[in-house]
Amino acid sequence: MRDPETTKNIILKESGNLFNTQGYKATSISDITKATGLTKGAIYRHFDSKSDLEQEALRSLGKLMFTELGTSIREAINFQAKMEAIFSFFEDYMNTPLYEGGCPLMNAAIEADDTNTALRQQAYNMLAQLKASVEKLIDNGIKNEQVQPEVSARFYSTIFIATLEGGIMMSKLERNKNAIETTIAHLRKQVFDISI
């Protein structure tokens, strides 16, 4: 007999892959039971509803992304190296994705409209965490005299994230790395320009 935590993690992993590849609306509980080998009852013992499962699955995908990014950022020795860790994560994502189906933040944000406010809120929370992380890197760069003091962390975090997400989207559609490599080359120049 499986322990409850292991079962819950299996459900989150398999449903996260399905939601991220097929879409949240298109994925049924029956799809999840097939992928996990569990019954609907077993799934509903761990999650109150499909909406609850969607939110937790997205949160789990986000945790995986932030853990991977966080490790690389902590290992970097200065602002430019920390930003390079972010760029490398996005660039490497085309060859070795952490999960199937593309960026979970982008996928959830596109699908979550006014009819799924809970999923939209979870996607928003994930974006807010990413923005706050990049802003903190820039603010710390200013504090450590590695970034020009007049630089707006809020402005640049928006530019960096929007450009990276756009580059991933274009590269996924075009099925090559040209767009993400071009956008990262531009962002590297931006980092160089704001650095001391």
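The values are calculated or read from the model by the stated rules, or taken from the named source; none is laboratory data. Remember, it's a predicted structure, so these values are computed and weren't measured experimentally. Reconstructed Cβ throughout: ideal geometry from the backbone, glycine too, with neighbour counts over all protein chains shown. The accessibility values were calculated without ligands, DNA or RNA, using every heavy atom of the protein model including side chains. Shrake-Rupley method; radii C 1.70, N 1.55, O 1.52, S 1.80 Å.
Okay, here's what the table says:
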item	result
Single match in 49, 28 (criterion: over 21 Å from the mean Cα position of the chain (by Cα) and exposed (fewer than 12 other Cβ atoms within 10 Å of the Cβ))	49
Condition check for residue 96: surrounded by fewer than 17 Cβ atoms within 10 Å (Cβ to Cβ) and part of a loop (DSSP other than H, G, I, E, B)	yes
Of all residues in the stretch 130-165 being among the polar types (S, T, N, Q) and farther than 22 Å from residue 180 by Cα, the one that is surrounded by the most Cβ atoms within 10 Å (Cβ to Cβ)	146
Selection count where residues are β-branched (Val, Ile, Thr) and closer than 25 Å to residue 127 by Cα, scope the stretch 11-63	3
Selection status of residue 85, assigned to a helix (DSSP H, G or I) and surrounded by 16 or more Cβ atoms within 10 Å (Cβ to Cβ)	yes
Boolean, residue 80 is touching a strand residue (DSSP E or B) at 6+ places or on another chain (Cβ under 7 Å) and open to solvent by 10 Å² or more (accessible area, probe 1.4 Å)	yes
